[in-house]
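Student: The structure under discussion is supplied below as structure tokens; questions concerning it will follow.
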Amino acid sequence: MGFHQQLRFPKFQLTLILLLLVFSTLLNFSVFTVTRIIILSVLYTIGLDLLFNYFRKQTVYTPYAALVTGLIFGLTIHPYLPWYGIFLISLIAMGTKHFLRFSNRHIFNPAAIGLVFGNIFLLSTVSWWGVSFQVLQLSWYNFFVFFILLLPLYVSCIRMKRCGSVCAFLFVYAALRFFLHTVSPITSLVDPTVLFFALVMLPEPMTSPVKKFRQILYGAFVAIASVVYFYLPFSRNLIDAHLLPDGLLPFLLLGNLVFFKFR
């Protein structure tokens, strides 16, 4: 299959965009740091995905989804995490994708479940290091990297037709943070971590609804759970104890579970 044919696949398009994000990190971090975390994450996820798939189906295929998951890991887990920590996170992600299934469908977003349980077992591994620095500011450099951060919007909303999930999450998340925490909606909507989560992880096609109305409910549900969670008396304790990595990823998994039969 030629490059032009592959370019039509949304997963391949998302891969190219994530690679652009990786290259943008080289302006802030050393080449060795970026190269190490990206190569290990991608090699582990692809290798384990192919291995588990061969055990299950005795077939070989192009692992675009595993490549995307590996790039997400490379941009979100702590860049100095030891190799065995990266391997464990990849093992959880690919293992649950292949073996934690119902009606031959995987239930949870592989990247999210790997990050959440990896954080629990290894203590504080999620840092969002590769996206959190892309803050919108009045400079050509910051504007450029922020623009790259917005590129997944095309894949998620146009190619994968998950605009309902993305828009509902961002609208409800920004509105709730404004009314409950008095945070400006603009601040919420240009937060690079929130944007990466909403544009890349939330609308993952195998674990999010297809129908528009269900997409809206799904995005709103994850947003409400994420914001309201911080009003619970034990919310910060769970994060401080590393039982939860943050206020986004665990509720993405909850949304996957709640809407599993309504995709």
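Student: Could you give P(r) for the stretch 119-167, binned at 10 Å from zero, as whole percent values over all Cα-Cα pairs?
Tutor: In order of increasing distance, the bins hold 22, 30, 34, 14, 0 percent.
Student: Here's something else I'd like to know. Rounded, prolate or oblate: which fits the stretch 144-241, taking a ≥ b ≥ c as square roots of the Cα gyration tensor eigenvalues, rounded meaning a/c under 1.5, else prolate when a/b beats b/c?
Tutor: Working: a/c = 1.82, a/b = 1.42, b/c = 1.28.
Prolate.
Student: Compute the length gained on full extension between residue 234 and residue 133: take 0.36 nm times their separation in residues and subtract their Cα-Cα distance, giving the result in nm to one decimal.
Tutor: 33.5 nm
Student: Label points 7 Å out from Cα along the Cβ direction at residue 161 and residue 121: separation in nm?
Tutor: 3.7
Student: How do 32, 178 stack up against each other in accessible area, from largest to smallest, with a 1.4 angstrom probe?
Tutor: Ranking 32, 178 by accessible area, largest first, yields 32, 178.
Student: Further question on the same structure: Test of understanding: extend the Cα→C-beta vector of residue 242 to 7 Å, then name every residue of the stretch 31-65 with backbone N under 16 Å from that spot.
Tutor: Nothing falls inside the zone, counting backbone N under 16 Å.
Student: Rounded to the nearest Å, what's the spacing between the alpha carbon centres of the stretch 72-134 and the stretch 34-58? Just the number, please.
Tutor: 12
Student: Counting alpha carbon pairs within less than 8 Å and at least 6 residues apart, what relative contact order, in whole percent, applies to the chain?
Tutor: 19
Student: Which of the cysteines found in the chain have nothing to pair with, since no other Cys Cβ lies under 4.7 Å from theirs?
Tutor: 167
Student: Residues with beta-carbon under 12 Å from that of residue 113, excluding residue 113: net charge, scoring Lys, Arg +1 and Asp, Glu -1? Mind dumping the intermediate values first?
Tutor: Working: positive: 97; negative: 204.
Value of the local net charge: 0.
Student: What does the net charge come to around residue 246 if you take all other residues with beta carbon closer than 14 Å to its beta carbon, with K and R at +1 and D and E at -1?
Tutor: -1
Student: From the protein chains alone at 1.4 Å, what is the descending order of accessible area for 208, 124, largest first?
Tutor: 124, 208
Student: Can I ask one more? Is the shape of the chain rounded, prolate or oblate, going by the alpha carbon gyration tensor and its root eigenvalues a ≥ b ≥ c, with a/c under 1.5 for rounded and a/b larger than b/c for prolate?
Tutor: Because its axes are fairly even, with a/c under 1.5, the chain counts as rounded.
Student: Which of the three applies to the stretch 1-59, rounded, prolate or oblate, going by the alpha-carbon gyration tensor with a ≥ b ≥ c and a/c under 1.5 meaning rounded?
Tutor: oblate
Student: Averaging sequence separations of C-alpha pairs under 8 Å and six or more residues apart, then dividing by the length of the stretch 7-101, give the relative contact order as a whole percent.
Tutor: Relative contact order of the stretch 7-101: 37 percent.
Student: Further question on the same structure: Using a 7 Å offset from the Cα along the Cα-to-Cβ direction at both residue 54 and residue 26, what is the distance between the two label points in nm, to one decimal?
Tutor: 3.2
Student: Using the Cα centre as the reference, give the magnitude of the dipole from point charges on the C-beta atoms of the stretch 55-171 (Lys, Arg: +1; Asp, Glu: -1; all else neutral), rounded to the nearest 20 debye.
Tutor: 540
Student: With a 1.4 Å probe and every protein chain left in place, work out the accessible area per residue of the chain in Å², rounded to a whole number.
Tutor: So the chain comes to 48 Å² accessible per residue, rounded to a whole number.
Student: Take each of the peptides 43-55, 217-229, average the number of other beta-carbon atoms within 10 Å over its residues, and list them starting from the highest.
Tutor: Numbers: 43-55: 18.4, 217-229: 21.6.
Top of the packing list down: 217-229, 43-55.
Student: Moving on. Let me check against my output: what whole-number percent is the relative contact order of the stretch 53-164, with C-alpha pairs under 8 Å and at least 6 apart?
Tutor: 24
Student: Take each complete run of DSSP H in the chain, measure how far its Cα atoms stretch along the helix's own axis, and keep only those covering 30 Å or more with mean Kyte-Doolittle hydropathy at least 0.5; list them.
Tutor: Membrane-span-like by this criterion, though nothing is claimed about a membrane: 31-57.
Student: In deg cm²/dmol, rounded to 500, what helix-only [θ] at 222 nm does the chain give when every DSSP H run of at least 4 residues adds -39500 (n - 2.57) and the total is split over its residues?
Tutor: Working: 13 runs with 163 residues, N = 263.
-19500 deg cm²/dmol, from helical runs alone.
Student: How far apart, in nm, are the 7 Å Cα→Cβ label points at residue 6 and residue 184?
Tutor: 4.3
Student: Going by average Cβ neighbours within 10 Å, how do the peptides 160-173, 100-113 rank, with the highest at the top? Don't skip to the answer; put the middle values down first.
Tutor: Working: 160-173: 21.7, 100-113: 17.8.
Ranked from most to least packed, the peptides come out as 160-173, 100-113.
The values are calculated or read from the model by the stated rules, or taken from the named source; none is laboratory data. Quantities reported herein were computed from a predicted structural model and do not represent experimental measurements. We place every Cβ from the backbone using ideal geometry, glycine too, and count neighbours over all the protein chains shown. We work out accessible area using only protein heavy atoms, side chains counted, and drop any ligands, DNA or RNA first. Shrake-Rupley method; radii C 1.70, N 1.55, O 1.52, S 1.80 Å.
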